[in-house]
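Comments concern the structure below.
The values are calculated or read from the model by the stated rules, or taken from the named source; none is laboratory data. This is a predicted model, so every value here is computed, not measured. Glycine gets a Cβ as well: all are built from the backbone with ideal geometry, and neighbour counts include every protein chain shown.
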Amino acid sequence: MNTEVSIVRCNSYDPEEVKKALSAALEPIGGLDWVTPGMKIAVKVNMMTRIKPERAATTHPQVVFALCELLKERGANVVVGDSPGGLFSSAYLSAVYGGTGMRQVLDAGAALNEDFTTVDVDYPDAVTAKAFPITNYLASADAIIDLCKMKTHGLMAFTGACKNLFGAIPGLNKSEFHYRYNTHEAFANMLVDVCEWCKPRLSLADAIMTMEGNGPSGGTPRFMGAILASFNPHALDLAGAHLMNMPPDDVPTLAAAVKRGLVPARVQDLKVFGDLESFVIPDFQLTPKHDVKLWGTKNETLAKILSGMFASRPRVAREHCTGCAECKKVCPANAISFRDKRAEIDKKKCIRCFCCQEFCPQGIITVQRPPIARLLNKR
């Protein structure tokens with residue numbers, strides 16, 4: 001198990017500062033010495049939707065640009081891509097590339113992914129997802145670099161390197177996965193399965209500007225001033241969650257990775273290069289917890305009662321709803337309808353996947369936690 005994580009300070013997205021900081025983050029863990037001329041490297045970024053980088057919902061293009069320059073200097077062939085929510089198609093991704101500012105990587109000599117084919121893969125070693133479709137540009141690469149954005153997340157609490165690789169699943173298949181793996185544990189194990197199949201050669205985090213609160217798209221940008229690097233995506237996530245003052249037990253993907261022996265259970269057991277503690281933000285605003293830790297009953301009726309009492313749900317601030325219907329498009333359970341041109345969620349149909357909260361362009365769908373759960377299990 002590789003436990004090395006490097007962290008360096010980067011106070012802005014100034015091109016020279018970013019490239020210098022990225023190089024400094026890479027240096028203690030061996031840099032890019034493994035990159036050889038002609039190697040095909042896929043850089044998997046977070047481009048969850050067509051949203052400006054200033055919103056801190058996507059990997060900032062300047063960090064991607066700097067990485068691409070470093071890779072091109074070593075003679076690699078670099079393609080940058082993602083499959084965000086929506087159609088995995090040229091027309092849709094073209095708009096996302098433009099909206100996120102990602103086209104500037106072309107000036108670094110990299111390419112933006114234009115291969116919209118997929119491949120079906122078998123993964124017998126998986127805990128949950130034994131077979132799944134994968135975007136071909138990742139499947140055909142010699143190496144994948146996982147370049148994530150550090151944010152809160154309505155369903156998984158934290159978005160980092162592991163969650164970022166959900167973008168390997170093409171387009172609208174993601175909604176099917178939310179429906180199929182509709183518990184936090186099952187969904188988290190699926191994410192770890194996909195991450196382990198992809199086996200990113202290197203994981204990096206843009207934590208210069210992070211997102212707190214109603215993440216991963218409707219939260220508030222929060223300055224952290226850091227770039228992180230690791231050869232273990234779960235180690236990077238363990239360090240990242242610590243920076244947000246988030247216990248690893250509260251991050252389902254980390255809990256799953258710890259159980260599989262992929263990462264230590266404590267951040268103190270990481271080998272950290274840099275002053276990790278100096279970046280911790282004690283008052284970082286997190287999304288509400290989803291469950292009080294008193295499950296374990298084998299009585300299905302009791303489990304349902306407890307779930308109804310304590311489970312978090314998405315809530316629409318209907319007075320601010322614009323009626324764009326983006327939430328309805330991504331809902332895998334078809335639980336969203338419109339009354340007076342404003343969204344409503346059918347609680348009986350809702351599977352609490354929080355896709356609606358994730359992709360609401362106005363950020364007016366939030367994670368609502370029942371009062372009794374807040375009282376019994378305060379953060």
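Pick from region 77-97 the residues that are assigned to a loop (DSSP other than H, G, I, E, B) and in contact with a Ser or Thr (Cβ under 8 Å, 6 or more places away or on another chain): which of them is modelled with the lowest pLDDT?
Out of the qualifying residues, it is Gly85.
Condition check: more than 12 Å from the chain's Cα centre (by Cα) and of a type in the set (Asp, Glu). Does Asp206 satisfy that?
So Asp206 does not fit the description; no.
Just to be sure before I move on: is Pro200 assigned to a loop (DSSP other than H, G, I, E, B) and crowded, with 24+ Cβ neighbours inside 10 Å in the structure I sent?
Numbers: assigned to a loop (DSSP other than H, G, I, E, B): yes; crowded, with 24+ Cβ neighbours inside 10 Å: yes.
When the stated conditions are applied, Pro200 passes them.
Please find, among Ala143, Ala168, Ala110, the residue that is within 30 Å of Gly225 (Cβ to Cβ), surrounded by fewer than 21 Cβ atoms within 10 Å (Cβ to Cβ) and in contact (Cβ under 8 Å) with a residue 40 or more places away in the chain.
Ala143
Just the residues that are among the hydroxyl-bearing types (Ser, Thr, Tyr) and under 21 Å from the mean Cα position of the chain (by Cα), please, taken from region 95-136.
Result: Tyr97, Thr100, Thr118, Thr128, Thr135.
Within the bounds of region 28-39, is there any residue that is modelled with pLDDT of 95 or more and within 21 Å of the chain's Cα centre (by Cα)?
No; the residues of region 28-39 include none that is modelled with pLDDT of 95 or more and within 21 Å of the chain's Cα centre (by Cα).
Yes or no: region 47-66 includes at least one residue that is assigned to a helix (DSSP H, G or I) and surrounded by fewer than 19 Cβ atoms within 10 Å (Cβ to Cβ).
yes
Please specify each residue of region 247-267 satisfying the condition of being closer than 19 Å to Trp197 by Cβ, of a type in the set (D, E, K, R) and not in a helix (DSSP H, G or I).
Result: Arg260, single match.
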